[in-house]
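The values are calculated or read from the model by the stated rules, or taken from the named source; none is laboratory data. Worth saying up front: this structure is predicted, and the values here are computed from it rather than measured. For neighbour counting, all protein chains shown are included, and Cβ atoms are generated from backbone atoms with ideal geometry for every residue, glycine included.
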Amino acid sequence: MLGHRAWPAFTRSLRFRLTVSYVVLFTLALVAIGISFRGLLSGASRRQIELTLEEEFGEVKGFLRMERNRPVWFYDRQDPDEAAIVARIRNGAFLLTDSQGQVLESSSLYRRMGLEPQVEIVSVMQANRPRIRVRQDPDGDEYVIREGIFVDGPNRYFVSLGRSLSDSNQILAQFTRGYFLLMPLGMVLIAWAGWWFAGRALAPVIEMANAARAISSSNLALRLAPPGSNDELQNLVATFNSMMERLEQSFHQVRQFSTDVSHELRTPLTVIRGHLEVALMTAKTAEQYQESILTALQDVERISQIVRALLQLSQAESGQLALQHVPVDLTLLTEALREQFDLAAEEYQVSIETRLPPKVIVRGDRVQLERLLTNLVMNAIKYSYAGGRVTLSARPVDTHWEFVVEDRGQGIPAVDLPHIFDRFYRVRGREWDPEKGLGLGLSFVAWIVKAHEGQIRVESTVGQGSRFIVTLPRGGEGLESSNEL
Ligand code: ADP
């Protein structure tokens, strides 16, 4: 059945271990129940015997008289019931002595068991209290013995009555034997039921494992059917499916990314190649050669730019870029960058208006926040119409600052809005020089905002302009180290 190697794997299987735990637990419970039930049973029968002895003792008092220190049994000899009672007492285990332990009457059963030593009798008489104990006859049969005091007139006598325990012991033994003989059968049943239940409970897990095994990079769209049981397994399936969702997305992104990169690099490479070929075939003078090389160099520079930006972005996104967390005043930061913004604004014939509170302090990395501002403001300038205006403003909202960069430029079509934060994404069909933007700026912006536990959203209308709204957690206003900016 199971191979030599399969055995350890089988014993390690969850199903096997669950079954074994069931069996062990049930067996322990059965043993405990058996033992305590047996205890109850033996206690009950022992009490029953003691009660009977108590009754018999009463009967002795009723029927026994002492005449000159000799026992005389008084009863109606015509009454078969009374005769039977007295016979039962006298033929059972019965001993009667005087207070010194001199035997006055003893049954043969009692003699077989052995008469009580005198000291014992004297001690019971002195204690003046009945005593109950268990004795054995030479065959090992057990008796419950009740020793007590019988008073007749001024004299006191010792009476001991006994009843065999063997009936009740036999019942106990039978019970024990029957119970523990049936137990293995119970264990087999439990093992079978446990195996079946464990199998049923684990079936969805095995199904999941099989389904997961079938997933490869070519069918990442595969999802597991939820069992509909609304339990931990359903939760597991849902978690698994959502993990697959994210995996698929990442896979898709990576694929898209490599396609994009090759695309982006191919264009400038083709251009360089064109330039160089033309130069080879047509250039005559040193100036012509120089010009071709210069143009080629510009394209090489663009390629380097792309590669550098990509490298940084992937470093950032894979968490290799350590961010500082210091208070940074965005108002001061904007002022520091103002010159750079003005230069660009002049080139695009745009004006810049800042409506910032005196202090807009957030906690974060100065270099990255600078990059965030630069990217947003430069985009706003780049995509404005000549004569347009770019406005920077900020307002506190709860525990955050809302920083807004607004322009009255071309705006972004609704279809493009969801994608503008993707790498290399650029809105198509625009008249400006497509070589200028890499389509990576907003990817950086998105990452920086995320790394600062902030949010970004865009409102835009084509032909009217765009608003980029960045929400960042407010930094410790009390910390003045931002002054260094
Ligand atoms: P790029 O380097 O091309 O500007 P970005 O990632 O910064 O790349 O922006 C992606 C695209 O989003 C841009 O190509 C542009 O079409 C659009 N965009 C970004 N900011 C604005 C804006 N303020 N107004 C209009 N379009 C914008």
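Descriptive notes on the structure:
- Inspection of the range 450-457 identifies no residue that is part of a strand (DSSP E or B), within 8 Å of the ligand (Cβ to nearest atom), under 27 Å from residue 310 (Cα atoms) and at pLDDT 95 or above.
- The range 393-416, residues that are away from the ligand (no atom under 16 Å from the Cβ) and of a type outside the set (S, T, N, Q): 394, 395, 396, 397, 398, 400, 401, 402
- Residue, surrounded by the most Cβ atoms within 10 Å (Cβ to Cβ), within the range 142-165, restricted to residues that are among the charged types (D, E, K, R) and more than 60 Å from the chain's Cα centre (by Cα): 147
- Condition met for residue 175 (assigned to a strand (DSSP E or B) and either touching a residue at least 60 places away in the same chain (Cβ under 8 Å) or among the hydrophobic types (A, V, I, L, M, F, W, C) (or both)): no
- Failed item in (1) without any contact (Cβ under 8 Å) to a residue 12 or more places away in the chain; (2) more than 18 Å from residue 47 (Cα to Cα), with residue 115 passing the rest: (1)
- Contacts under 7 angstrom Cβ, first residue in the range 368-391 being over 10 Å from residue 407 (Cα atoms) and charged (D, E, K, R), partner near the ligand (Cβ under 10 Å from one of its atoms) and in a helix (DSSP H, G or I), 6 or more apart: 371/444
- Test: residue in the range 281-299 that is away from the ligand (no atom under 16 Å from the Cβ), hydrophobic (A, V, I, L, M, F, W, C), outside any strand (DSSP E or B) and under 42 Å from the mean Cα position of the chain (by Cα): no
- The set of residues in the range 313-361 that are among the polar types (S, T, N, Q) and on the phi > 0 side of the Ramachandran plot contains only 349.
- Of all residues in the range 63-109 being basic (Lys, Arg) and within 16 Å of residue 152 (Cα to Cα), the one that is surrounded by the fewest Cβ atoms within 10 Å (Cβ to Cβ): 68
- Annotation note: of 363, 426, the sole residue that is touching a His at 6+ places or on another chain (Cβ under 8 Å), of a type outside the set (Gly, Ala, Ser) and modelled with pLDDT under 95 is 363.
- Set 371, 423, 428, 389: member being within 15 Å of the ligand (Cβ to nearest atom), within 15 Å of residue 466 (Cα to Cα) and out of contact with any Cys (no Cβ under 6 Å at 6 or more places or on another chain): 389
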